[in-house]
Amino acid sequence: MRIGIVSDTHGDQRAIKQVVAQAGPVDLWLHAGDHVRDARFLGELTGLPVHMAAGNCDPRDAGLPDQFLTCEGHRLMLTHGH
């Protein structure tokens, strides 16, 4: 499984498009915050699942705590780190 990881996109949809173009084929994306709407844009752009965690610039009520995921038997923690 190939996982694409981004964070701190801060509304820069052009940069998100560049990352997607350069990443090659991935199976899912992780977006580690700043900004939640960018993670949604990433999912719409790629048609792939996007797991997201809120960053320090996201609203506190975004309802996106740190996430624990299991991918191919590996346990991952997705957090922004603040």
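Yes or no: Phe41 surrounded by 17 or more Cβ atoms within 10 Å (Cβ to Cβ) and either modelled with pLDDT of 80 or more or farther than 21 Å from Asp12 by Cα (or both)? Against the criterion (surrounded by 17 or more Cβ atoms within 10 Å (Cβ to Cβ) and either modelled with pLDDT of 80 or more or farther than 21 Å from Asp12 by Cα (or both)), Phe41 qualifies.
Taking the criterion of being within 24 Å of Pro59 (Cα to Cα) and surrounded by 15 or more Cβ atoms within 10 Å (Cβ to Cβ), the residues of the stretch 6-27 that qualify are Val6, Ser7, Asp8, Thr9, Ile16.
Ala15 meets all of the listed conditions (1) within 24 Å of His74 (Cα to Cα); (2) of a type outside the set (Phe, Trp, Tyr); (3) modelled with pLDDT of 95 or more but one, namely (1).
The values are calculated or read from the model by the stated rules, or taken from the named source; none is laboratory data. Predicted, not measured: the structure shown is a model, and the values here were computed from it. When we count neighbours, we look across all protein chains shown, and the Cβ atoms used for this are built from the backbone with ideal geometry, even at glycine.
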